[in-house]
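Visitor: Quick one: this structure, given as structure tokens, is what I'll be asking you about.
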Amino acid sequence: MDIVVTPDPQTAADEAAAWIARQLRLAVRRRGAASVAFSGGSTPALMLAALAGLAVPWEATTVFQVDERVAPDGDPDRNASLLDVLRPHRPSIKLMSVTSADLGAARRRYAALLPDRLDVVHLGVGDDGHTASWPPGDPVIDDRRTVAISGEYKGRVRMTLTVPVVNGARHRLVLATGAAKAPVIEGWLLHNHDLPVDRVSRTNTIVMLDADAAARLPSGHPVPPASGTRRSR
Ligand code: 6PG
């Protein structure tokens with residue numbers, strides 16, 4: 001697992017976007033197609049905006065969701081709108097059908113869209129150590145299917161990729177920024193708490209942090225150079 005620490009959230013977003021763009025270009029060069037799944041929340045917006053400005057073979061790239069809140073179209077809770085910034089490039093975007101009256105059927109339909117292995121999965125980390133839509137204590141984390149439905153979490157049931165799909169991907173990028181994330185990043189990376197994010201494979205996974213989110217890692221208060229400090233664990 002590589003850990004990259006950058007001075008600020010924008011640099012972390014830019015570095016994460018550049019890393020994803022590289023992985024997608026490589027995937028298309030090697031296999032003629034690329035696939036990436038993005039998480040939601042508030043952190044990805046800067047990264048997705050940066051990614052929209054980079055050289056990516058979008059015509060050969062399929063974009064998936066890692067998870068989506070079960071809420072009406074256009075609801076501010078929905079993650080789907082985060083992907084709108086990519087639409088001018090016309091990638092194939094596969095949204096989770098969370099407005100379906102039959103979520104079980106919608107779950108199965110989404111599972112059928114997934115490739116055998118995603119090239120890249122982007123993940124965030126919640127303050128409580130969740131990632132994707134694997135809330136602490138929710139049995140969804142042990143679901144062995146490819147797509148599952150979580151219990152209610154912060155007022156919404158969610159559709160989510162599962163641990164086998166996330167860990168079956170060729171590469172994972174975890175992006176976390178801000179001082180509020182420092183305790184959970186410390187807990188995850190140093191103490192292996194029984195946190196949902198602990199279930200993410202550390203092989204072929206890069207963790208992209210800003211200095212605030214990394215502040216409680218062993219190096220204390222890193223003062224990383226302009227681009228970022230790379231450490232491996
Ligand atoms: C979601 C996300 C979730 C997110 C974390 C971090 O739908 O809420 O997929 O897993 O990545 O909660 O969210 P922030 O980026 O808002 O801190």
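The values are calculated or read from the model by the stated rules, or taken from the named source; none is laboratory data. Everything numeric in this text was worked out from a predicted model, so none of it was measured. Ideal geometry is used to build each Cβ from the backbone, glycine not excepted, and the neighbour counts take in all protein chains shown. Side chains are part of the model used for accessible areas, which takes the heavy atoms of the whole protein and leaves out ligands, DNA and RNA. Shrake-Rupley method; radii C 1.70, N 1.55, O 1.52, S 1.80 Å.
Visitor: Got a number for residues in segment 66-123 being closer than 25 Å to Leu51 by Cβ, open to solvent by 40 Å² or more (accessible area, probe 1.4 Å) and out of contact with any helix residue (DSSP H, G or I) (no Cβ under 7 Å at 6 or more places or on another chain)?
Guide: 13
Visitor: Moving on to the next point. Hey, does segment 34-49 have a residue that's away from the ligand (no atom under 15 Å from the Cβ), assigned to a helix (DSSP H, G or I), surrounded by fewer than 22 Cβ atoms within 10 Å (Cβ to Cβ) and at pLDDT 95 or above?
Guide: Within segment 34-49, not a single residue is away from the ligand (no atom under 15 Å from the Cβ), assigned to a helix (DSSP H, G or I), surrounded by fewer than 22 Cβ atoms within 10 Å (Cβ to Cβ) and at pLDDT 95 or above.
Visitor: Checking Thr203 against (1) away from the ligand (no atom under 15 Å from the Cβ); (2) open to solvent by 30 Å² or more (accessible area, probe 1.4 Å); (3) within 22 Å of Ala16 (Cα to Cα); (4) part of a helix (DSSP H, G or I), which single condition isn't satisfied?
Guide: (4)
Visitor: Among the residues of segment 171-187, are any over 23 Å from Leu46 (Cα atoms) and touching a Phe, Trp or Tyr at 6+ places or on another chain (Cβ under 8 Å)?
Guide: No, segment 171-187 contains no residue that is over 23 Å from Leu46 (Cα atoms) and touching a Phe, Trp or Tyr at 6+ places or on another chain (Cβ under 8 Å).
Visitor: Regarding segment 147-166, can at least one residue be identified that is at pLDDT below 95, open to solvent by 50 Å² or more (accessible area, probe 1.4 Å) and either in a strand (DSSP E or B) or of a type outside the set (Ser, Thr, Tyr) (or both)?
Guide: No, there is no match, as no residue in segment 147-166 is at pLDDT below 95, open to solvent by 50 Å² or more (accessible area, probe 1.4 Å) and either in a strand (DSSP E or B) or of a type outside the set (Ser, Thr, Tyr) (or both).
Visitor: Just to be sure I understand the filter: pairs with C-beta atoms under 9 Å, separated by 6 or more residues or on different chains, first member in segment 74-87 and at positive phi, second member open to solvent by 40 Å² or more (accessible area, probe 1.4 Å). Which pairs pass?
Guide: Sorted first by the residue in segment 74-87, then by its partner, the pairs are Gly74/Ser81.
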